[in-house]
Amino acid sequence: MRTSPKGGFWRFCQRRNLSGADAINALRPFYFAVHPDFFGQHPREREVNENSLKRLNGYLENLQKPGARYPKPANLTFYVRDTKERADSSDSLLASGFRSVTFTLQSKDVLSTVLDVLRSCSLSVEHMQDVLKAETGKSSTQQPGTAFYRPIKWDKTYYTFTGFRDPEQELEQARRVEPTLSLWLRNNEPEATKKQNASVPRREELRRLKRELIQKLGLLDIRWQRKWGFAHKCSQLQSLGRLFTQSPEALHILRGHTIVFTDQSGMNASGHVMLGTMDVHHQWTKLFERLLSYRSLFQQSDWLKERISHLLGGIQVIHIERMGPALPLEEHYSTLNTFHKRLLPQRLSLHPRSMQGLTMTLENDRSTPCLHEMGHFIIPTMCDTLQLQNFLQSQAQEARRRMQRRDKLEAEEEDIVSSCLQDLSLRSLSKEPSVSSNQMIPCCRRLMEEKSPQMQGLHLYISHFYSVMQDGDLCIPWNWKG
């Protein structure tokens with residue numbers, strides 16, 4: 001008697017544990033719907049998806065690690081493309097054309113996690129009938145503890161049979177139609193110039209508002225977590241100015257702080273005061289009332305960093321700010337505290353100054369330590385202490401070599417950006433944080449060789465895609481075609 005595909009699927013599911021290859025196959029429709037490569041024209045949504053995918057992959061990786069403790073619940077947000085794979089088409093789309101989906105991971109096995117992700121995003125699980133069955137033989141070859149396998153590849157016949165979109169084909173088509181820089185500038189420079197001229201009053205107003213608020217409140221700086229438009233930034237500063245006019249006494253406590261406008265209110269891991277752009281004055285005022293408690297927590301975090309540094313041979317714990325969601329101070333403190341408690345009972349044999357001058361970051365969503373190409377260590381919060389000691393000692397020399405190379409690259413990048421700015425007569429030249437020095441340096445060299453007169457007097461922003469921003473900034477990919 002032949003087993004129905006559905007019955008075979010559910011008997012397979014009863015094993016409750018999938019290999020990394022099984023999970024990748026099962027999550028393909030999800031990856032197709034949220035993959036950052038398809039969000040090039042929507043930088044905010046792309047950043048959110050990149051960060052959430054990183055946390056999801058870390059969660060799945062921890063579930064697969066033999067003997068590992070269950071990971072903590074993780075709250076994730078994704079922007080989901082509208083694809084044929086959707087099981088429910090009744091959800092309303094945002095203005096950008098994507099659905100925003102937020103859910104919490106708390107499953108204790110890989111299979112349940114995969115199913116939760118698909119269902120939370122209203123994606124069908126029917127495709128798993130054949131995929132899991134076909135991958136059963138492959139899963140047995142995966143070694144325990146192997147890092148979660150992330151690349152997305154599938155046989156072309158799958159798309160022909162199902163009618164689903166082939167992401168590789170879509171990307172290849174996009175690359176084929178991607179214009180040369182000169183053609184794109186010829187078509188878009190007039191629009192950029194028009195928008196830039198129209199934005200001049202807003203740019204000047206922003207500078208004035210920022211200067212006045214910094215002076216009135218005694219702030220060190222005012223920053224923005226995202227690349228919002230000038231009109232948006234002005235409205236945020238005007239809102240803070242109105243609050244100061246209404247309740248000046250409530251804002252005196254901000255003196256000496258840096259304010260960051262972002263998605264949530266609180267204090268971030270760097271000790272900056274975060275003002276949520278969707279929050280009202282009442283919520284900001286409540287935050288100011290709790291600021292003394294935040295300062296105390298920040299001091300405790302600094303103390304933990306000092307203790308960790310003392311236990312690990314003088315290495316410095318750092319936090320790297322990115323354009324993605326800000327790291328709340330509470331979460332940062334919890335990570336430091338957990339890691340410190342794991343180190344205390346152990347007697348590590350690291351020389352007190354053997355790791356001096358080196359840096360490390362802590363990550364909850366990682367299972368094994370690694371050395372970043374820029375020279376800092378990335379250490380899992382729940383890392384085995386003996387493994388950590390051996391890794392730090394064996395990689396210390398390489399870390400110093402990479403840090404020297406990083407410093408050299410950053411100095412070279414600073415010089416070439418200055419030269420490019422002058423040679424092309426640009427108003428400004430900046431880059432997206434995800435663009436590395438290794439990408440920015442050759443990009444600037446090529447721009448100076450091209451020396452297009454259409455860039456003169458414009459604001460240029462190096463990223464991964466072409467776009468004319470709302471205030472006239474020209475956004476071009478670092479690897480633009482000549």
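The values are calculated or read from the model by the stated rules, or taken from the named source; none is laboratory data. Source: prediction; values computed, not measured. Heads up, the Cβs are rebuilt from the backbone with ideal geometry, glycines too, and the neighbour counts pull from every protein chain shown. In case anyone asks, the SASA skips ligands and DNA or RNA and just uses the protein heavy atoms, side chains included. Shrake-Rupley method; radii C 1.70, N 1.55, O 1.52, S 1.80 Å.
Selection of the range 286-332 for residues being within 30 Å of residue 240 (Cα to Cα), in a helix (DSSP H, G or I) and among the basic types (Lys, Arg) yields 286, 295. State whether the residues of the range 284-294 include one that is more than 25 Å from residue 235 (Cβ to Cβ) and touching a helix residue (DSSP H, G or I) at 6+ places or on another chain (Cβ under 8 Å). Yes.
For the range 74-85, the count of residues that are assigned to a helix (DSSP H, G or I), in contact with a Gly (Cβ under 9 Å, 6 or more places away or on another chain) and modelled with pLDDT under 80 is zero.
Is one or more of the residues making up the range 280-294 touching a Phe, Trp or Tyr at 6+ places or on another chain (Cβ under 7 Å), open to solvent by less than 10 Å² (accessible area, probe 1.4 Å) and farther than 19 Å from residue 228 by Cα? No, the conditions are met nowhere in the range 280-294. Out of all the residues in the range 393-413, is one or more open to solvent by less than 50 Å² (accessible area, probe 1.4 Å), hydroxyl-bearing (Ser, Thr, Tyr), under 26 Å from residue 367 (Cβ atoms) and out of contact with any Ser or Thr (no Cβ under 7 Å at 6 or more places or on another chain)? Checking the range 393-413: not a single residue is open to solvent by less than 50 Å² (accessible area, probe 1.4 Å), hydroxyl-bearing (Ser, Thr, Tyr), under 26 Å from residue 367 (Cβ atoms) and out of contact with any Ser or Thr (no Cβ under 7 Å at 6 or more places or on another chain). Just one of the listed residues (309, 265, 270) is out of contact with any helix residue (DSSP H, G or I) (no Cβ under 7 Å at 6 or more places or on another chain) and open to solvent by 30 Å² or more (accessible area, probe 1.4 Å), and it is 270. Contact map, the range 191-206: residues that are within 11 Å of residue 458 (Cα to Cα) paired with residues that are part of a helix (DSSP H, G or I) and aliphatic (A, V, I, L, M), Cβ distance under 9 Å, separation 6+ or inter-chain. Pairs shown: 192/185.
Rundown of residues vs (1) out of contact with any Lys or Arg (no Cβ under 8 Å at 6 or more places or on another chain); (2) within 19 Å of residue 283 (Cα to Cα); (3) surrounded by fewer than 17 Cβ atoms within 10 Å (Cβ to Cβ), yes/no style:
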position	(1), (2), (3)
230	no, no, no
238	yes, yes, yes
252	yes, yes, yes
261	no, yes, no
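On the stretch given as the range 350-373, residues that are open to solvent by less than 80 Å² (accessible area, probe 1.4 Å), more than 23 Å from residue 57 (Cβ to Cβ) and assigned to a loop (DSSP other than H, G, I, E, B) total 5.
Those residues that are modelled with pLDDT of 90 or more and either surrounded by fewer than 20 Cβ atoms within 10 Å (Cβ to Cβ) or of a type in the set (A, V, I, L, M, F, W, C) (or both), I need them from the range 455-470; list them, please.
455, 456, 457, 458, 460, 461, 462 - these are the residues of the range 455-470 that are modelled with pLDDT of 90 or more and either surrounded by fewer than 20 Cβ atoms within 10 Å (Cβ to Cβ) or of a type in the set (A, V, I, L, M, F, W, C) (or both).
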